[in-house]
1. Once the label point is set 7 Å along the Cα-to-beta-carbon vector, what list of distances in nm do you get between A:Pro65 and its counterparts in the other copies?
2. Go through the stretch A:270-275 residue by residue and turn each phi into a ³J(HN,Hα) via Karplus (6.51, -1.76, 1.60, θ = phi - 60°); whole Hz please, and just put x for glycine and proline.
3. How high is the FRET efficiency between B:Ala221 and A:Gln133 when r is their beta carbon distance and R₀ equals 56 Å, given to the nearest 0.05?
4. Report the charge-dipole magnitude of chain B in Debye, nearest 20, computed about the Cα centre from +1 at each Lys and Arg Cβ and -1 at each Asp and Glu Cβ.
5. If B:Val306, B:Val232, A:Val13 are ordered by their accessible area, calculated over protein heavy atoms with a 1.4 Å probe, which sequence runs from highest to lowest?
6. Could you grab the Rg to Rh ratio for the stretch B:208-247? Cα atoms only, Kirkwood for Rh.
7. With charges set only on the Cβ (+1 for Lys and Arg, -1 for Asp and Glu), what does the dipole of the stretch A:47-160 come to about its Cα centre, in debye to the nearest 20?
8. Using a 10 Å cut-off on Cβ to Cβ distances, tally the other chain neighbours for every residue of B:64-72 and report the average as a whole number.
2 protein chains.
Amino acid sequence: MRIAQIAPLYEAVPPRFYGGTERVVAHLTDALLDLGHDVSLFASADARTRATLVPVRDQAVRLDPHPHKSELAAHLSMMHEVRRRAYDFDVIHFHVDLIHFPFFEDIARHTVTTLHGRLDLKDLPDAYRRWDQYPLVSVSDHQRRALPLANWISTIHHGLPDDLYRVAAKPNDGYLAFLGRISPEKRPDRAIAIAKRAGLKLKIAAKIDAVDNTYFAETIAPLLLDDSVEFVGEINDDEKTQFLGNATALLFPIDWPEPFGLVMIEAIACGTPVVAWRCGAVSEIIDEGVTGFVVSSEEEAAVAVVRARALDRGVIRGMFERRFTASVMAMRYVEVYRYLGSVWERGAPIAAVA
Amino acid sequence: MRIAQIAPLYEAVPPRFYGGTERVVAHLTDALLDLGHDVSLFASADARTRATLVPVRDQAVRLDPHPHKSELAAHLSMMHEVRRRAYDFDVIHFHVDLIHFPFFEDIARHTVTTLHGRLDLKDLPDAYRRWDQYPLVSVSDHQRRALPLANWISTIHHGLPDDLYRVAAKPNDGYLAFLGRISPEKRPDRAIAIAKRAGLKLKIAAKIDAVDNTYFAETIAPLLLDDSVEFVGEINDDEKTQFLGNATALLFPIDWPEPFGLVMIEAIACGTPVVAWRCGAVSEIIDEGVTGFVVSSEEEAAVAVVRARALDRGVIRGMFERRFTASVMAMRYVEVYRYLGSVWERGAPIAAVA
């Protein structure tokens with residue numbers, strides 16, 4: 001199939017550092033190529049890909065040092081370009097929330113839209129009611145709850161290349177890991193409390209967005225004065241393997257409706273157990289007592305950390321290979337593309353398509 | 001004429017507090033009604049207007065206490081609604097940057113777009129090249145410099161209702177005024193330095209956006225400890241008349257390419273002189289030695305403050321009435337609407353329009 005993947009322009013594909021959506025797009029693109037498809041990737045020019053790259057901005061927006069940028073204009077221009085080339089593809093797969101909705105109304109059935117973010121936003125029901133012709137994929141069943149009546153056609157969990165992470169040679173270095181973003185909803189403060197209660201060192205690898213500077217300065221920085229907490233900043237993929245693979249467990253004590261939680265499967269790919277809060281998609285990702293534990297309190301979390309030491313890292317890795325590889329993800333998307341194709345054939349002819 | 005005004009959804013129309021674009025839309029709408037036109041206003045439901053209101057959100061986004069909102073979805077839904085009703089109007093006048101561009105490509109010649117913001121953003125040239133069919137109005141000649149090749153059809157300065165502000169009975173209370181937003185580009189620090197140099201008290205009325213919290217805390221808050229500086233927070237329209245009208249002068253020591261600078265004509269409407277930095281549109285707005293002074297250094301500014309005391313507040317107000325009333329602005333827009341109408345008649349027939 002001729003498939004177009006449309007990535008957001010916030011981070012490089014894959015991102016140099018933090019960035020979930022662009023990372024998933026990179027993995028999906030590579031896995032579709034491995035399955036023999038003809039894939040074009042619309043993304044910023046700093047993408048590293050074996051697909052046909054259609055560069056629509058010289059670099060990703062977030063780390064672009066230019067002081068004055070317009071995310072909106074950049075994404076609108078990208079959509080203009082996708083529209084111009086729309087008939088070159090059998091299916092156009094969007095990962096950009098809903099900004100493409102005005103552009104493809106007449107060929108919506110040739111598109112798939114994966115929603116990567118939380119959907120419990122006040123303004124979304126009206127927009128998804130107005131544009132109900134776009135086939136939507138959720139990244140967890142939980143994610144759908146905020147928009148139960150939208151045009152869902154499948155839930156497809158994220159996946160990672162099977163050679164990106166591996167089980168460490170001598171894991172379990174006696175520390176707990178927190179990886180992601182310093183923000184109130186990710187609850188680094190709770191991770192610190194759990195580590196203290198479990199009597200283990202905590203290493204925090206995280207980016208700090210400008211909007212979270214005050215939260216970091218006022219709430220988190222004072223907690224870092226403790227010797228048992230180490231803040232290592234934002235880390236890249238290579239560092240991540242070490243960071244996650246050597247940890248006793250990943251703590252994921254979130255306080256928001258997490259639509260997926262990519263870092264959980266990164267840990268699972270390393271064979272590292274996950275101790276995660278009962279919140280959002282967490283229960284769909286963790287196999288209780290196999291890849292980790294889902295908890296609801298700091299007490300439970302501290303107990304789970306002890307129990308996590310007994311989990312078999314080979315078995316955890318095996319669960320990754322069964323459920324969360326990029327090729328599993330890509331095969332499920334190909335099913336969706338094919339399903340839509342058969343709907344097109346059975347449905348009314350789409351005049352605009354050659 | 002049947003005219004649609006399309007306001008942004010960030011602030012109420014007019015705004016309760018800060019907010020330039022929505023304020024101008026409110027004034028333009030009222031002035032067009034006074035000229036006998038049939039005006040519909042697309043805006044959030046908290047608009048106060050004599051026009052036909054088409055409410056597209058229950059309240060404006062910024063002060064909406066809902067914790068999870070999507071500005072983008074809200075504006076896309078609004079555009080969907082405008083498009084649905086497009087053929088009810090002779091002209092559709094947009095004040096929402098470029099988010100409407102994907103929606104009205106086939107009837108762009110029935111639209112006018114006033115650009116209210118700075119245009120020297122990296123992503124704009126490509127977008128304005130892709131959508132070059134939309135007739136654009138700039139709010140100052142200076143604003144155009146960043147996009148000289150865009151489809152400009154007129155520059156129209158902002159205007160205010162002539163009864164909104166008045167010359168104070170006993171003006172010149174011996175303080176200088178700073179009004180707007182606490183942010184590095186607005187340079188409240190420079191205003192404080194000028195006031196000190198001039199030996200006058202400074203009153204600062206300003207909102208603080210979340211993104212500027214750190215700047216406020218680190219750079220401005222320490223300067224407020226001085227007795228000669230008073231921070232009065234965000235003020236409404238009624239308070240503004242007092243605040244500006246009683247000031248010796250308004251300080252506008254900006255450090256960015258200000259596309260217009262509404263607060264300058266608010267002061268001029270009160271008969272209050274303006275001392276402003278040579279930057280952006282400032283020289284187009286200030287009549288040097290009549291309504292104020294344009295300066296390039298703190299020394300010049302301090303001298304200008306002294307000279308400003310000698311300016312005639314009645315003459316300043318007269319200049320407002322000649323150049324910056326809402327009815328002057330509305331008449332100029334009607335000229336543009338009529339010009340476009342005559343272009344349509346001469347041009348190729350627009351099939352989509354009944």
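1. Label-point separations across copies, in nm and ascending: 4.5.
2. Running phi through 6.51 cos²θ - 1.76 cosθ + 1.60 with θ = phi - 60° gives 8, x, 8, x, 10, 10 Hz.
3. Values: r = 52 Å, r/R0 = 0.92.
Efficiency for this residue pair is about 0.60.
4. On the way: 40 positive and 48 negative charges, 80 e Å.
Its charge dipole is roughly 380 debye.
5. Values: B:Val306 95, B:Val232 55, A:Val13 0 Å².
Sorted descending by solvent-accessible area, the residues read B:Val306, B:Val232, A:Val13.
6. Numbers: Rg = 12.5 Å, Rh = 11.8 Å.
Rg/Rh for the stretch B:208-247 comes to 1.05.
7. On the way: 15 positive and 14 negative charges, 41 e Å.
Magnitude of the dipole: close to 200 debye.
8. 5
The values are calculated or read from the model by the stated rules, or taken from the named source; none is laboratory data. Keep in mind that what you see is a predicted model, and the values were worked out from it rather than measured. Heads up, the Cβs are rebuilt from the backbone with ideal geometry, glycines too, and the neighbour counts pull from every protein chain shown. These area figures cover heavy atoms from the full protein model, side chains too; ligands, DNA and RNA do not enter into them. Shrake-Rupley method; radii C 1.70, N 1.55, O 1.52, S 1.80 Å.
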